[in-house]
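Report on one structure; see the data block that follows.
The values are calculated or read from the model by the stated rules, or taken from the named source; none is laboratory data. Here the structure is a predicted model, which means the values were calculated and not measured. Cβ: placed from backbone, ideal geometry, glycine included. Neighbour counts: every protein chain shown.
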Amino acid sequence: MRKILLVVGFGLLIPFLSNAQKPDKPNASEIHEAIKKLNFLGSVLYVAAHPDDENTRLISYMSNHVKARTAYLSMTRGDGGQNLIGPEIRELLGVIRTQELLAARKIDGGEQLFTRANDFGYSKHPDETLAIWDKKEVLSDVVWAIRKFRPDVIINRFNHRTPGSTHGHHTSSAMLSVEAFDLANKKNVYPDQLKYLDTWQPKRLFFNTSWWFYGSRENFDKADKSNLLEFDTGVYYPFSGMSNTEIASLSRSQHKSQGFGSTGNRGKQSEYIELIKGDLPKDKLNIFEGIDTSWNRIKGGKAIGDILYQVEKDFDFRNPAASLPQLVKAYQGIQQLEDDHWKTVKSDEIKKIIPAAAGLYLEAVSSEPTSTTGSEIYLKIEAINRSTSKMVLKSIKIGAVGINETTEKLLENNIKQSFECKGKIPVDFDDTNPYWLTNKGTLGMYSVDDQKLIGKPETERKIKALFSVDIEGTIILFSKEIIYKTNDPVKGEVYKPFEIVPVVSASIKDKVIIYANGPAKQIPVTIKAGEANVNGTVSLAHPKKWKVSPESVNINLKQKGEEKTVLFTLTAPESQSEGYISPIITVNGNTYSKEVITIDYDHIPFQTVVLPSEAKVVRLDIKKKGQNIGYIEGAGDVVPESLRQIGYKVTIIDPESISAETLNTYDAIVVGIRAYNTVEQLKFKQQYLLDYVKNGGNLVIQYNTNRRLKVEDNLGPYPFKLSRDRVTDENAEITFLVPDHQVLNSPNKITEDDFKGWVQERGLYFPNEWSEKYTAILAANDIGESQKKGPLLIAQYGKGYYVYTGLSFFREFPAGVPGAYRLFANMLSLGK
C-alpha cells in the first residue's frame, strides 16, 4: 500500500473559474429542481441532423418545466459546416461543435447523443444522404439510441414526408427516426445489440412543426390542428429568474462556431408538435398522458417515491443537508431495484444530489496537464464536508494507475482534508483522443469498433478517482475525473482535463505545401517531447519521385514539453505531382508519427486531439501576375495562407483602416468568406472598395449568404441577387460559358482537368440574378437540377475588375486542389 501524506489546508483556491470547465456547485434552488426531476420517470428524445438543428426551447421546456429526462440525438457532429471563430474545419470542427452541444445541454438541462454519421456537406436529397451515410449502419445507431435511452416520446425536428424540400440530412434524420420507432422493439432487428440492452417501444412519435413548414403564418392559422399539441414554451422559472426562452437562447448561443448567438425573449411562445405514430393524448397539455411517470412505474418504486416526494415537499432551502438522511435512505432503495435501466439512471441522479445537499466537495488534481504511458502521475486530493451530517472518507481508489488507499478519515463540518498520492499510467493505455477519430472512416461514416461507445458524445476517461464515503451509515461511491488546474492572472482558477499524450509528437505547420516557384523547399518539422529525455531520430516519408535530404536527423529533448524544429529539403519532380509527407520518429526502437492538436476556446473545455501527422505536397504548374494582395478577413478561412504558399505577398487589412490611400498599394484585394455577413465596418467601407475597382484595382469577393448582409444595395458595382443555389456534387460537370474569357486563359490555361479532385462541393450561395454588366463564366448543376450559371461573375468597372465567386476555394485550398489555385491566380491576374 502506498503511503498517503496528509496535508492540512495545502492551498487556498481562488474561486473564479473558467466558465467552460468549472465543476458543478448547485445552489439550494438547483438542488430542489434536481429532486423534482428525480421524482419524474419519463423520457423525451429529440432527433435532428446537426449541432444547432435542435429546438432548445422545446428541449429546455421538457427538461425544466415537464421535468422529463430529455436528450438530443444529433445524427452528425457538424463536421461539414463552416467555422466562424477559427481555422478548424472537418474533423476538428466536429470536435468543437460536439463540445458546443455539450455546453448547450449543460444550460438547457438535456443530454447529448450521436450516431456515427459524418457530416459530409450539404445534400439535396435523402437518397444521396442515406447512400453516403450507409443507411443500415446509421439506422442501427438510431435503434441503439432508442433502446439505450428508452424514450417514452420521440420528437423529430424535421418532416419525414417531404424529401427533396430541404437539406437531405434533415429529412434523413426524420425518416430514420420514424423507421427506428417500429424497429427498436423487434428482437430480430440488430440482434447483436441485445447483448448489452433490451428492446424498447416508445409510446409516441411527433414532428416539431411550425408555420414555416406550412409556407406562411396565414396558412398555418387556417390549418387543421386537431392532430397537434401546443405548448407555451415561454413559461417563467422563478428558481432561475429566467423564462424558458431566455434559457433556450443561452443554450443556442453556445453554437458560436456557427454564429448562432441568440437574444433571449420573454412572454408566451407556442411550440407545436404533430403526432406521427402512437396515440394522441386527450389532454393536449400532457405529452405523457397514459404513461406512469411516478415512482410507481417500476417494481419496488413506491417505497422510494414515498420518501422522495416527502423530501421534495419538506425541502429546506436554507439547509439542504437536512434532507440527507432521507436521500440516503432513498439511495439504498434504488440500489435494490430490479429494473437496471431506472436503477442506473436514478442512481446517477441521486449521487449528484446527495453531495450537493451536503456541500460535499471531492476533487483529484494532477500536478501536470499531460502524461505519457508508463509515467508516474502525482495527484492532490481534496475532500470536504460542509454540513453537520456524519461522514467518513473510507478510501480513495484510482485503479487505472494503481492507487488503492484506505483512509478512514472523518470529514468534519467545513474542515478540508487534503492528500497527496502517486500512481503509474499503464503502458497499454491509449492516447487521449475523440474515440470516433481513432480509426479512419469513410466519406459518410466514422469507424467505431466498440458498440458500447456508439452514441456517446465524447471519450470516457479511463483514469477516474473513486471516493468511498460513508454518509449516515451508508457507503456511497463517487467517481471524479482527474483534472488539472492553474491560476490565470485574468481568468483566475482555470480547469483543464488531464490528458495522455504520445511520448513524442511531430507536426508540419502547413498542411498543404505548394511548389509553384521552384523545385525545392525546406520543410520544417516541429518535434515535441511528451516526457523528459527523449532521444532518437526523425525522418520524412515522402511520395515516389520526390527526394528528401538529409535522410534522418538526430533529436535530443531533455525536458517534457520541449520543442525542436528540424529542417528537411524536399525536392519535387519536374512535372505536376502530388502526394503526402509524414514525419517518422524513432525512439528506443518504437516509432511515432502523430501530431498533438489542441483546441482552446473559452466557451468549451480545452480539447486534445491526436491525429496522424501529415501534409499534402503539390508540384503545381502555375503562373501569376501581380504580387501584393490585400485580404479582408471574413468568417475564418485559410485562403491568406494558401495564397502565400504560391508566392503572393498577402497583407491582412483591418476594415477600420480601409481608405483610398491604403487600398491603392495592392495589386488585388480579396474579401474572405461571409465577410459581408460578419464584418460590420464593411457597410461604411464598401464605397472605398468599389472606387478601388473603378480606379483600376482588382476586387475578388468570396461567397456570402443572402441573410443578414451588412451591405445590401451596393454589394457590387452593378446589381445582383444572392440565392440559396449551390452545387453539392464535387464532381459535377463544369461548363465553360465564355471559354475565350481571359480568366480561363491567362496566365494559366484552365481546362476540365482543373476541376478534378475537388472536395465536398463545387460551390454555394450563387447569385441567381444579375445585371447584364456581369459576365457569367461557369455553369454547373447537381443531377436532376437546372444549370446554375452564378458560380463566377466578373464585371469590368471603370479601369478595373470586380469578381464575385461562390466557388468553394476555402475548402479546395486546404485540400491542395491544384486547379483551384490556378483559377484563383487567374482571377487575381485580371487586367494585368
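Observations
- Leu690 being within 17 Å of Ile629 (Cα to Cα), assigned to a strand (DSSP E or B) and either at pLDDT 95 or above or not hydroxyl-bearing (Ser, Thr, Tyr) (or both): no
- Options Asp637, Asp621: the member that is modelled with pLDDT under 95, crowded, with 21+ Cβ neighbours inside 10 Å and part of a loop (DSSP other than H, G, I, E, B): Asp637
- Set Lys528, Lys509, Lys456: member being basic (Lys, Arg) and part of a strand (DSSP E or B): Lys528
- Arg674, sole failed condition from (1) surrounded by fewer than 22 Cβ atoms within 10 Å (Cβ to Cβ); (2) among the basic types (Lys, Arg); (3) within 20 Å of Phe766 (Cα to Cα); (4) at pLDDT below 95: (1)
- Within segment 476-500, the set of residues being surrounded by 20 or more Cβ atoms within 10 Å (Cβ to Cβ), part of a loop (DSSP other than H, G, I, E, B) and out of contact with any helix residue (DSSP H, G or I) (no Cβ under 9 Å at 6 or more places or on another chain) comprises just one member, Phe498.
Yes/no matrix, rows are residues, columns are (1) within 22 Å of the chain's Cα centre (by Cα); (2) acidic (Asp, Glu):
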{"position": "Glu128", "(1), (2)": "no, yes"}
{"position": "Ile132", "(1), (2)": "yes, no"}
{"position": "Lys136", "(1), (2)": "no, no"}
{"position": "Val142", "(1), (2)": "yes, no"}
{"position": "Arg161", "(1), (2)": "no, no"}
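- The number of residues in segment 21-72 that are aliphatic (A, V, I, L, M), under 21 Å from Ile604 (Cβ atoms) and either touching a Gly at 6+ places or on another chain (Cβ under 8 Å) or at pLDDT below 95 (or both) comes to 2.
- Note on segment 419-446: among residues that are among the hydroxyl-bearing types (Ser, Thr, Tyr) and buried (at least 20 other Cβ atoms within 10 Å of the Cβ), the one that is modelled with the lowest pLDDT is Thr432.
- In summary, Asp348 fulfils each of the numbered conditions (1) farther than 15 Å from Ile482 by Cα; (2) surrounded by fewer than 21 Cβ atoms within 10 Å (Cβ to Cβ); (3) among the charged types (D, E, K, R); (4) touching a residue at least 60 places away in the same chain (Cβ under 8 Å) with the single exception of condition (4).
- Whichever residue in segment 73-106 is modelled with pLDDT of 95 or more and β-branched (Val, Ile, Thr) and, among such residues, is farthest from Val596 (Cα to Cα): Thr76
- Just one of the listed residues (Ile146, Ile132, Ile154) is in the same structural domain as Asn286 (by TED's automatic domain parsing), in contact (Cβ under 8 Å) with a residue 40 or more places away in the chain and farther than 26 Å from Ala68 by Cα, namely Ile132.
- Within segment 98-118, residues that are assigned by TED's automatic domain parsing to the domain that holds Tyr237 reach partners that are of a type in the set (Asp, Glu) and assigned to a helix (DSSP H, G or I) with beta carbons closer than 7 Å, at six or more positions or on different chains, in the pairs Thr115/Asp141; Arg116/Glu137; Arg116/Asp141.
- Verdict on Glu578 being acidic (Asp, Glu), assigned by TED's automatic domain parsing to the domain that holds Thr526 and in a strand (DSSP E or B): yes
- Where strands (runs of 3 or more DSSP E) fall entirely within segment 725-832, those with at least 2 residues that are over 28 Å from Asn517 (Cβ atoms) and without any contact (Cβ under 8 Å) to a residue 60 or more places away in the chain are at 763-770.
- Scanning segment 705-742 for residues that are closer than 18 Å to Asp782 by Cα and among the β-branched types (Val, Ile, Thr) turns up Val727, Thr728, Ile734, Thr735.
- Conditions (1) within 12 Å of Val671 (Cβ to Cβ); (2) modelled with pLDDT of 95 or more; (3) surrounded by fewer than 21 Cβ atoms within 10 Å (Cβ to Cβ): number failed by Lys721: (1)
- Residue match in segment 576-584 (condition: surrounded by fewer than 14 Cβ atoms within 10 Å (Cβ to Cβ) and modelled with pLDDT under 95): no
- Residue-level check: of (1) closer than 30 Å to Glu91 by Cβ; (2) assigned by TED's automatic domain parsing to the domain that holds Val596, Tyr484 misses just (2).
- Test set (1) more than 31 Å from the chain's Cα centre (by Cα); (2) among the charged types (D, E, K, R); (3) assigned to a loop (DSSP other than H, G, I, E, B); (4) within 29 Å of Phe606 (Cβ to Cβ) - Glu368 fails condition number: (1)
- Unique match (being touching a strand residue (DSSP E or B) at 6+ places or on another chain (Cβ under 6 Å), at pLDDT below 95 and not basic (Lys, Arg)) among Glu405, Glu472: Glu405
Per-residue answers, yes or no, for (1) of a type in the set (S, T, N, Q); (2) surrounded by fewer than 13 Cβ atoms within 10 Å (Cβ to Cβ); (3) out of contact with any helix residue (DSSP H, G or I) (no Cβ under 7 Å at 6 or more places or on another chain):
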residue: Glu289; (1), (2), (3): no, no, yes
residue: Lys299; (1), (2), (3): no, yes, yes
residue: Leu308; (1), (2), (3): no, no, no
residue: Arg318; (1), (2), (3): no, yes, yes
residue: Ala321; (1), (2), (3): no, no, no
residue: Ile334; (1), (2), (3): no, no, no
residue: Trp342; (1), (2), (3): no, no, yes
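- Residue in segment 197-215 that is more than 26 Å from His65 (Cα to Cα), among the aliphatic types (A, V, I, L, M) and modelled with pLDDT of 95 or more present: yes
- Odd one out for Ile415 among (1) of a type in the set (A, V, I, L, M); (2) without any contact (Cβ under 8 Å) to a residue 60 or more places away in the chain; (3) outside any loop (DSSP other than H, G, I, E, B): (3)
- Members of segment 522-555 that are buried (at least 16 other Cβ atoms within 10 Å of the Cβ) and charged (D, E, K, R): Lys528, Glu531
- Restricting Lys558, Lys594, Lys509 to residues that are crowded, with 16+ Cβ neighbours inside 10 Å and of a type in the set (Lys, Arg) narrows the list to Lys594.
- In summary, helices (runs of 4 or more DSSP H) completely within segment 12-113 and bearing 1 or more residues that are of a type outside the set (Phe, Trp, Tyr), touching a helix residue (DSSP H, G or I) at 6+ places or on another chain (Cβ under 8 Å) and under 22 Å from Ile354 (Cα atoms) occur at 28-38, 90-108.
- Test: residue in segment 255-278 that is farther than 25 Å from Phe213 by Cβ, in contact with a strand residue (DSSP E or B) (Cβ under 6 Å, 6 or more places away or on another chain) and at pLDDT below 95: yes
- If you check Tyr801, Tyr692 for being more than 33 Å from the chain's Cα centre (by Cα) and farther than 27 Å from Leu84 by Cβ, only one passes: Tyr801.
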